[in-house]
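Have a look at the structure below, then the notes.
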Amino acid sequence: MKNIKKIACIGAGYVGGPTMAVVAQHCPHIQVTIVDLNEARIAAWNDENLDNLPVYEPGLDAVVAEARGRNLFFSTDITKAIDEADMIFISVNTPTKTYGKGKGQAADLKYIELCARQIAAVSTTDKIVVEKSTLPVRTAAALKSILNNTGNGVKFDILSNPEFLAEGTAVTDLQNPDRVLIGGEDAEAIQALVNVYANWVPADRILTTNLWSSELSKLVANAFLAQRVSSINAISELCEKTEANVDEVSHAIGMDSRIGSKFLKASVGFGGSCFQKDILNLVYIARSYGLTAVADYWEQVIIMNDHQKSRFAQKIIHTMYNTVNGKKIAFLGWAFKKDTNDTRESAAIYVADHLLDEEAEIVIYDPKVTEDQVYKDLDYLATRSPEANRRLVTVVNTPTEAILDAHAIAILTEWDEFKAYDWQAIKVQMKKPSFVFDGRKLLNSKEMRSLGFDYYAIGE
Ligand code: NAD
Ligand code: UGA
């Protein structure tokens, strides 16, 4: 049985960093080295000041503080880490393709392939290669082909071990996972990885399957979760027409144990780097097998989500007398959910884009997102010039600056601190009438209306 002494992880991002930090914390007998091409990112992981870690996750600083320098290392020396390791996790990004065949749908596997080629080129001893990134079903077949055609006599075993952590709760999800999924063909390789997790995960939560079930289950898990959000968001629009309240509907249906209460919070739309990307990928795979009905079914989850984002922006414009030109709209929140600094595919970006088309002046406050990131997100859409984005959008460090003289406030992220604000005092600072558009249904509507706000919440 292979005894794992050294692990390398390629990719020090939102998954590689926290996942491997928790492995290192629970396995002091294993040396864990996380490598990345991005020098600035590695420098930030090595920063003495734990506030400067590149990923913000509650509790992550303590885990890094415990293991870093003991058996957890961050490095740009990819070759060395690969060569020394018994087990290599691939945790690089797998974005949606922006060119060529499958553009806008298929996963771009160029980073994965580069990793495989580098592993093949530098390995001098047998390795277990673990797919940690989310990949299209049957990617392991391509990895196997690249790795096994090097002719250097090294034996490679490939495992699929998708990650199910959610951002904002990554550390608790990793410490106490609902399940760990390991797919593979070689029993010894599977057992070697089971043994790593067994250091802290109860045996009955470590599932082993064949490679293809494991790869596909990751895409399916994200598709099912996103589908729940789109389903309740569809109902939120119906609630707005019928005087039903979407929170009450969620609660009522969620008490049915067959439906369950989680993931039924209506919102301005789901964001994050993965839901959309993974469903598009599922749709692409289904279409590539000629399964049109399957593809169309899942694509509807994305269509509904896009509708929800644009509907929210239209609601703002329509309510403010059909013009937001030159009006100051304060955005509370830019991250795609609370407790993270990640803004990838955040609904806020798309809502802002709609309002900027109408020449609104947007002032953004988010407790964890930087000015630089906001401009990057808007510039990436390429809807207007970078100069126009900077002319119309301001990013501030305090909510007070955002709110002063605003015509409207839009809540885009459900940060806890927004609930604790003195809304009575905020009302005084705003222009009249004072509009609040609550895209997270975060505040108490009765209270907000009694304070004199023109208050609108999703699904009410
Ligand atoms: P990320 O962009 O934060 O991190 C990926 C890192 O890989 C980057 O720092 C990049 O520089 C590095 N990289 C790319 N190619 C490289 C190479 N050839 N050599 C060395 N480093 C390289 O991405 P992420 O959010 O950590 O996601 C990684 C994967 O995990 C994706 O497939 C994603 O779908 C999946 N996933 C993400 C989450 C999440 O919450 N973010 C959760 C579960 C699964
Ligand atoms: C999601 C999954 O929950 C993870 O299991 C998975 O590992 C991860 O994707 C991934 O593969 O990247 P994440 O995107 O980090 O995690 O966060 P979620 O909590 O799932 O939220 C996703 C989006 O849905 C957020 O914008 C959130 O605000 C929204 N959401 C979630 C709702 O609008 N309503 C809900 O009830 C739940």
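The values are calculated or read from the model by the stated rules, or taken from the named source; none is laboratory data. All values derive from a computational prediction rather than experimental measurement. Note: ideal-geometry Cβ built from the backbone for every residue, glycine included; neighbour counts use all protein chains shown. When the accessible area is computed, the model is the full protein with side chains, heavy atoms only, and any ligands, DNA or RNA have been set aside. Shrake-Rupley method; radii C 1.70, N 1.55, O 1.52, S 1.80 Å.
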- Task: Tell me, yes or no, whether the range 319-341 has at least one residue that is open to solvent by 10 Å² or more (accessible area, probe 1.4 Å), without any contact (Cβ under 8 Å) to a residue 40 or more places away in the chain and either part of a strand (DSSP E or B) or under 17 Å from VAL268 (Cα atoms) (or both).
- Result: no
- Task: Quickly run through the range 1-26 and pick out the residues that are surrounded by fewer than 17 Cβ atoms within 10 Å (Cβ to Cβ) and of a type in the set (A, V, I, L, M).
- Result: MET1
- Message: So, in the range 321-359, exactly how many residues are within 16 Å of ligand 1 (Cβ to nearest atom) and touching a helix residue (DSSP H, G or I) at 6+ places or on another chain (Cβ under 6 Å)?
- Response: 2
- Query: Is there a residue in the range 82-98 that is modelled with pLDDT of 95 or more and among the basic types (Lys, Arg)?
  - Reply: no
- Say whether the condition of being open to solvent by 60 Å² or more (accessible area, probe 1.4 Å), at pLDDT below 95, within 30 Å of ILE302 (Cβ to Cβ) and away from ligand 2 (no atom under 16 Å from the Cβ) is met by at least one residue in the range 120-131. no
- Check the range 87-98 and report whether any residue there is without any contact (Cβ under 8 Å) to a residue 12 or more places away in the chain and in a loop (DSSP other than H, G, I, E, B). yes
- Note on the structure: Going through the range 284-305 in order, the residues found to be exposed (fewer than 14 other Cβ atoms within 10 Å of the Cβ) and under 20 Å from the mean Cα position of the chain (by Cα) are ILE303
- Note on the structure: Reported set for the range 145-189 where residues are within 16 Å of CYS115 (Cβ to Cβ), open to solvent by less than 10 Å² (accessible area, probe 1.4 Å) and of a type in the set (A, V, I, L, M) is LEU147, LEU159
- Looking only at helices (runs of 4 or more DSSP H) that fall completely inside the range 110-189, which ones have 1 or more residues that are of a type outside the set (A, V, I, L, M, F, W, C), near ligand 1 (Cβ under 9 Å from one of its atoms) and over 23 Å from the mean Cα position of the chain (by Cα)? 110-122
- Item | In the range 248-283, the residues that are part of a helix (DSSP H, G or I), open to solvent by less than 60 Å² (accessible area, probe 1.4 Å) and either within 16 Å of ligand 1 (Cβ to nearest atom) or in contact with a helix residue (DSSP H, G or I) (Cβ under 9 Å, 6 or more places away or on another chain) (or both) | VAL249, SER250, PHE275, GLN276, LYS277, ASP278, ILE279, LEU280, ASN281, LEU282, VAL283
- Item | When residues of the range 27-43 are limited to those that are in a helix (DSSP H, G or I) and open to solvent by 20 Å² or more (accessible area, probe 1.4 Å), the one farthest from ligand 1 (Cβ to nearest atom) | ALA43
- Query: Any residue at all in the range 238-259 that is polar (S, T, N, Q), under 30 Å from GLU345 (Cα atoms) and more than 23 Å from the chain's Cα centre (by Cα)?
  - Reply: yes
- Query: Across the range 213-239, what is the total count of residues that are more than 18 Å from GLU163 (Cβ to Cβ) and open to solvent by 50 Å² or more (accessible area, probe 1.4 Å)?
  - Reply: 5
- Query: Given the residues ALA116, ALA142, which is the only one that is free of Cβ contacts under 8 Å to residues at least 40 places away in the same chain, surrounded by 21 or more Cβ atoms within 10 Å (Cβ to Cβ) and out of contact with any Ser or Thr (no Cβ under 7 Å at 6 or more places or on another chain)?
  - Reply: ALA116
- Note on the structure: Residue count, the range 18-34, condition over 18 Å from ILE82 (Cβ atoms) and under 18 Å from the mean Cα position of the chain (by Cα), comes to 1
- Item | Hits in the range 44-67 - residues which are closer than 23 Å to VAL92 by Cβ, free of Cβ contacts under 8 Å to residues at least 60 places away in the same chain and assigned to a loop (DSSP other than H, G, I, E, B) | ASN46, ASP47, LEU53, PRO54
- Message: Return the pair list, or none, for Cβ contacts closer than 9 Å from residues in the range 347-370 that are in a helix (DSSP H, G or I) to residues that are surrounded by 23 or more Cβ atoms within 10 Å (Cβ to Cβ) and of a type in the set (S, T, N, Q), at least 6 apart or on different chains.
- Response: ALA347/SER267; ALA347/ASN305; ALA347/GLN308; ALA347/THR413; ALA348/THR413; ILE349/THR343
- Task: Residues being open to solvent by less than 40 Å² (accessible area, probe 1.4 Å) and more than 14 Å from ligand 1 (Cβ to nearest atom): count how many of those fall in the range 83-103.
- Result: 3
- Specify the residue that is nearest to the chain's Cα centre (by Cα); the eligible residues are those in the range 7-16 that are within 9 Å of ligand 1 (Cβ to nearest atom) and within 25 Å of THR125 (Cα to Cα). GLY16
- Query: Which residue pairs have Cβ atoms under 6 Å apart, sit 6 or more places apart or on different chains, and have a first residue in the range 383-404 that is farther than 27 Å from PRO433 by Cα and a second that is open to solvent by less than 30 Å² (accessible area, probe 1.4 Å)?
  - Reply: THR383/ASP353
